[in-house]
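Reading through the structure tokens given below for one structure.
Readers should treat all values here as calculations from the given coordinates under stated rules, not as data from a laboratory. In this text, all values refer to a predicted model and were calculated from it rather than measured experimentally. Positions of Cβ are generated from backbone atoms using ideal geometry, with glycine treated the same way; all protein chains shown enter the neighbour counts.
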Amino acid sequence: MNNLQKVLLSIIGGIDTTFKILTPLLLSVIFVSMGDLTEIGTYTIYVLGGLACLFRAIKIGWMKND
């Protein structure tokens, strides 16, 4: 495998990882914009989306060590 293929695969892998981590936060933004929620409901959905992002980031970090 030449260097160009390695670079392209690493870029694609980085984009995939970024989307994998940010998907829960993006979904929470979509849910809040679609629904008529109270202030506490909005914050709850944002916190849950942020915690899901954090969990996925930690999970990816642990998979790196295996």
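Laid out as a table, the results:
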| item | result |
| --- | --- |
| Highest-first arrangement of 26-37, 4-15, 42-53, where packing means the average Cβ count within 10 Å | 42-53, 26-37, 4-15 |
| Dipole of the chain, positive direction: furthest Cα of Val32, Val47, Ile21, with charges on the beta-carbon | Ile21 |
| Folded to 0 to 90 degrees: helix 39-65 orientation relative to the chain principal axis, Cα | 20 degrees |
| Mean residue ellipticity (222 nm) of the chain, computed from DSSP H runs ≥ 4 via -39,500 (n - 2.57), nearest 500 | -32000 deg cm²/dmol |
| With Cα atoms, 0 to 90° folded angle of helix 3-34 axis to the chain main axis | 0 degrees |
| Distance between modelled label sites at Tyr46 and Phe19, nm, 7 Å Cα→Cβ extension | 2.6 nm |
| Spin-label pair Val29/Trp62, simplified geometry with 7 Å Cα→Cβ offset, distance in nm | 2.8 nm |
